[in-house]
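The values are calculated or read from the model by the stated rules, or taken from the named source; none is laboratory data. These numbers come from a predicted model, not from an experiment. As a convention, Cβ positions derive from the backbone with ideal geometry for all residues, glycine included, and neighbour counts pool all protein chains shown.
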Amino acid sequence: MVKVLYIKFVSDENAAVTVDWVVLTALIVTLGIAALAVISPALTSTATGIASTVTVGMPPAS
């Protein structure tokens, strides 16, 4: 009985497909975080420049 269950478990590939998808998703998330870490300083600098330009161009508050 145990041998039959073991053979079914080893021959079942559904779990392997799930592991593949988990690894692929983890890789995509890791690459996204790495890209954000590289781009973040430039985005902060650009956003600061835009904010100062918008602030300078606004009329004074009354």
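Which of the following residues is touching a Phe, Trp or Tyr at 6+ places or on another chain (Cβ under 9 Å), small (Gly, Ala, Ser) and either loosely packed, with under 10 Cβ neighbours inside 10 Å or in a loop (DSSP other than H, G, I, E, B) (or both): 15, 42?
Working: 42 fails: touching a Phe, Trp or Tyr at 6+ places or on another chain (Cβ under 9 Å).
From the options 15, 42, the qualifying one is 15.
Suppose we filter 54, 4 for residues that are at pLDDT 85 or above, in a helix (DSSP H, G or I) and either of a type outside the set (S, T, N, Q) or within 19 Å of the chain's Cα centre (by Cα) (or both); which single one remains? Can you show your working first?
Numbers: 54 fails: at pLDDT 85 or above.
Going through 54, 4 in turn, the sole match is 4.
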